[in-house]
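Where a number appears in this text, it was derived from the coordinates with a stated rule and is not lab data. Note that the coordinates shown come from a computational prediction; the quantities given were computed from them, not determined experimentally. Note that each Cβ is placed from the backbone with ideal geometry, even for glycine, and that neighbours are counted across all protein chains shown.
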Amino acid sequence: MSTIQIQAMIMGQSYTLACQEGEQAALHHAVAYLDQRMRAIRDAGRIKGTDRIAVMAGLGIAAELLSMQRAEGPFAGLTIAQWQQQIAAITEVVDQALAPQEKLF
């Protein structure tokens with residue numbers, strides 16, 4: 001797989017980012033999520049400076065991830081790859097369940 005570059009905007013700042021071919025949509029989604037989180041922190045008005053806003057957004061996102069991995073969380077002890085496998089398995093089950101419905105339309 002080859003590496004490609006994409007242009008992304010985060011809080012009005014343009015960035016050139018690299019990702020593997022086929023992973024552009026996931027990277028764009030991550031950029032949009034980070035941009036939303038950073039804008040919310042900036043708009044709250046308590047923190048000034050893009051670097052501080054980025055750190056606070058990163059900490060918030062890390063806390064979200066870690067809370068999902070807690071012993072009582074829905075993804076306790078799973079790695080991201082294992083999450084992806086779980087989601088793929090669920091998607092396959094749903095697709096199989098809905099396949100007969102598609103024939104009705």
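Angle between the Cα long axis of helix 24-44 and the longest principal axis of the chain, 0 to 90 degrees, nearest 10? With rounding to tens, the tilt is 40 degrees. Sorted from greatest to least, the principal axis extents spanned by the alpha carbons of the chain come out as 54, 37, 31 Å.
On the basis of the beta-carbon distance and an R0 of 30 Å, residue 6 and residue 97 show a calculated FRET efficiency of 0.30. With a Förster radius of 22 Å applied to the beta-carbon distance between residue 51 and residue 16, the computed FRET efficiency rounds to 0.70.
Computed from the C-beta positions of residue 25 and residue 61 and an R0 of 22 Å, the FRET efficiency is 0.75 to the nearest 0.05. Extension gain, residue 88-residue 76: 0.36 nm per intervening residue step, less the Cα-Cα distance, totals 2.6 nm.
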